[in-house]
Every structure is written in C-alpha cells, then in structure tokens.
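The values are calculated or read from the model by the stated rules, or taken from the named source; none is laboratory data. A quick note: this is a predicted structure, and the numbers were derived from the prediction, not measured. So basically every Cβ, Gly included, is an ideal-geometry build from the backbone, and we count neighbours across all protein chains shown.
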Amino acid sequence: MNPTTIRKDFPVLDDETLVYLDTAASSLKPRQVLDAMDEYYQKYGVNVHRGVYNLSYVATTKYEDARTTVSNFINAAFNEVVFTRGASSALNLVASSYGLNNVKAGDEIIVSELEHHSQVLPWQNVSRITGAKLIYVPLDEDGRITVDNFRSVLSDKTKVVALNYVSNVMGYVAPIKDIIRLAHEVGAIVSVDAAQAAPHMAIDVKDLDCDFLAFSGHKMCGPTGIGVLYGKRHLLEAMPPIEFGGDMNDNVDKFDASWKEAPYKFETGTPPIAEAIGLGRAIDYLQGIGLDAIHEHEVELRDYTVKRMKAMADIELYNPNAETGIISFNIIGVHPHDAITYFDGDNVCMRAGHHCAQLVVKWLDVPATLRASFYLYNTKEDCDKFLATLERAIAFFREVGF
Ligand SMILES: Cc1ncc(COP(=O)(O)O)c(C=O)c1O
C-alpha cells in the first residue's frame, strides 16, 4: 500500500502541514465515503422500510446492502448485524437487553481495568440493578489481560465476560479467542468491544465464536453516528428491544404490541441511513487496500517512532511493546494537557487525557497520558514531524523549568 497515494483520498489532508495522529479517537474520512453519503442526500434522500415508491425502495436497498457489506466484513449472517449509533450504544444494548434479563444476584460479570467506559459502565449499571458482582481480571505488569489471569477469575458463577479486543490506551491485542473458549466452558457469554480492532484487523466472528461484538464507523474511515452490534442469532432473537417506537414494531394494539424480528426490533425510528451507506463504503475502501496491509503499515510506523522515542531522555512510554499503532506516553514532569498545546502549535493532532478509560490511567498511576495513533494515511514524514515537535517540546519545557 502507498500512503502517499492514499492521502489524496482524504480532503482534510489537503492541508499538508497537518500531522493527524488521533485516529484512535476518530479517523479521517475519504472522498469515496463522503461521495456515497452525498449521493444518498442528493439523489434518493428519503426514508427506508416505509415508502411504497421507487425512491424509498432505492434507499432501502442501499441501506440493507450496507448491512450485507458489514456482515460479510465480519463473517456474520445478514440478520446478526444491528445498526446502532456507535460502539457505545451497541455495548449498552447488550448490557441493557441481554444483561438485565439474564443476570441475577450472585452471578459474576468479568471486566477489566483496560476497558473503555463504554464497556465497563453499562455493566456497572447491570451490577447495581441486579446485584451481580463485577470481577476485574488482574492486569499483568505491562497492563495486559492474559489468559492465565483471566482463568484466575473465571468460575461457574461467571455469566458475562465483557472485554476489549484492542485497548484504546495501551494498544494491546487481548487473547480474546482463548478467553471466549474458556468462558464458554463455564457457560458464560462474551461481549467483545472491537472499536479499536475492526478498523485495523480482519475479524471473523464465527472463528472467534464471540456472542456479541461491537464497533463504530467513525474510527474506520466511516461517518459518525453509526456503529454495529453483532450478536449470535439465537441471542438476538431472545432479547427484548430497549427502545420502542416507529419501524421496530409489528402489530400494535391499545395495551400491547409485538416486535419485528432482529435486527429490526433494535433499530427504532428512522435509522442513520446515510451513515450506514457511508460505513458500507468505508468497509469497501478498507478492504480494497487490505486490512493486513493497513495493520502492517501502522505497526511499522509505530516501531519506527517508538525506537526513536526510547532514545530520548525525559519520556515515559507506557506501552513500548504494543502490537498496534497506538503509543501512550508522557513527557516526564509535564502534564499532558500542557504538552498537547505545544503539539497543537505545530499542527500535530494527538489526544491528551484519560481517553474515556480512567481505570487504566489510574492503573498506570498518572493523571493522564498523551496518545499518538497511526492509520493508513500516516507516513514516515508524519513520524519525523511528530518526533521533531516532541524534541522541541521537551527542550521548551526544560527551559521554562517544568
Ligand atoms: C475501545 C473503545 N470502545 C468503545 C469506544 C466508544 O466508541 P463510540 O464513542 O464511537 O461509541 C471507543 C471510542 O473511543 C473505544 O476506543
């Protein structure tokens, strides 16, 4: 793959001074995705599943074609793909529908300190309501979830395992397939947060045998406002909807109503139509380049950058051996919110904070971290510009006496 050619697809990168290293928060969007969404609004921008006229038929077909694209992307069946607002609402759907109806006092739910708030807070809520206990997988000394540590907390009380596939702070890939196998041996279901995995590596839900898997469009070249919940067919069928209203219902009487089959009973109201179409196009775009090539490219940029950072004094690196394109670090003695303003001055976009994952930042025992994350449009020049700014930032903060 050639990132120099790829960059031409991303209008935001027309600004050649920009160094965009915040893909873990949200990726940039290529013209192909913008054009697909624009075409919807310009040529057939009407509602789906409702109108008995050609334009509505076209919109419905494009919307459902996007579902086919998503299902092929993760090797799911068509009706195992629920469109949601994002990974957060997908993970909330699992907790509020499956969790609240299947978990009871005395049961255990396994999570970890490596989770994004979207994975841990919905299960805190289930725990509060049902009396089930939240159990944390102890992280190893690098902050990883290991199979042995997972085994140490798994028991016949475990009913749900809710973990990330790739950590948004540490960039570690969890041994999720082994975890799923072990969880199934005790009869637990596994809900996988793949928000940081789906944009960067091929996912096969049948091979993983996960029960649920969630991701967002906006981290993988797609639009905001769209995400995916994959759920095994029999689980989705048994789950009640958590939102009620138009389009999700079947028959409606005065005091009762029935629902459509999954996935439609979970897609209440007018869905994010342009966004689903944009996500479908984003998946085509990524697959056209190849997920393996993208992953390899990010890791190459990461290794190149980390090697140079390791040679710098005054840097604390929190994940020197991660296997994805995320670098979490701090300039020793400098608050990341001070440091980030220096990077912004050089038009280097990064993230500073707790990354909606306070538990792992607390585990690291720091107030916050800086995070640089790479994607298919980043180049070695981006790395060099970032490193040059970093060197200047360190010199600056030392000079002013931090
Ligand atoms: C690991 C992880 N899970 C879940 C989310 C939530 O995604 P969204 O904000 O798109 O719902 C994020 C976003 O940062 C994430 O990194």
Quick check on residue 14: is it within 24 Å of the chain's Cα centre (by Cα), more than 30 Å from residue 231 (Cβ to Cβ), at pLDDT 95 or above and exposed (fewer than 15 other Cβ atoms within 10 Å of the Cβ)?
no
Tally up the residues in segment 293-328 that are closer than 21 Å to residue 33 by Cβ and part of a helix (DSSP H, G or I), please.
5
How do the pairs read when you match residues in segment 1-29 that are closer than 24 Å to residue 342 by Cβ and without any contact (Cβ under 8 Å) to a residue 60 or more places away in the chain with residues anywhere that are in a loop (DSSP other than H, G, I, E, B) and not hydrophobic (A, V, I, L, M, F, W, C), using Cβ under 8 Å and keeping only pairs 6 or more apart or on different chains?
12/29
Helices (runs of 4 or more DSSP H) contained entirely in segment 1-104, each with at least 1 residues that are farther than 24 Å from residue 212 by Cβ:
3-7, 31-43, 54-74
Looking at segment 277-298, can you tell me whether even one residue there is of a type in the set (Asp, Glu), over 22 Å from the mean Cα position of the chain (by Cα), crowded, with 16+ Cβ neighbours inside 10 Å and not assigned by TED's automatic domain parsing to the domain that holds residue 83?
no
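Looking only at segment 105-164, which residues are in a strand (DSSP E or B), within 16 Å of the ligand (Cβ to nearest atom) and within 17 Å of residue 363 (Cβ to Cβ)? Lay out the reasoning, then the answer.
Kept after step one, since they are in a strand (DSSP E or B), are these residues of segment 105-164: 108-112, 133-137, 158-164.
Among the residues that remain, those that are also within 16 Å of the ligand (Cβ to nearest atom) are: 111-112, 137, 161-164.
111, 112, 137, 163, 164 - these are the residues of segment 105-164 that are in a strand (DSSP E or B), within 16 Å of the ligand (Cβ to nearest atom) and within 17 Å of residue 363 (Cβ to Cβ).
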Got at least one residue in segment 231-248 being touching a strand residue (DSSP E or B) at 6+ places or on another chain (Cβ under 8 Å) and within 16 Å of the ligand (Cβ to nearest atom)?
no
Hits in segment 347-401 - residues which are surrounded by fewer than 19 Cβ atoms within 10 Å (Cβ to Cβ), within 15 Å of the ligand (Cβ to nearest atom) and under 17 Å from residue 317 (Cα atoms):
353
Count, please, the residues in segment 142-158 that happen to be in contact (Cβ under 8 Å) with a residue 40 or more places away in the chain and among the β-branched types (Val, Ile, Thr).
2
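Conditions tested, residue by residue: (1) buried (at least 24 other Cβ atoms within 10 Å of the Cβ); (2) hydrophobic (A, V, I, L, M, F, W, C); (3) over 15 Å from the mean Cα position of the chain (by Cα).
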site: 139; (1), (2), (3): no, yes, yes
site: 142; (1), (2), (3): no, no, yes
site: 167; (1), (2), (3): yes, no, no
site: 194; (1), (2), (3): yes, yes, no
site: 203; (1), (2), (3): no, yes, no
site: 212; (1), (2), (3): yes, yes, no
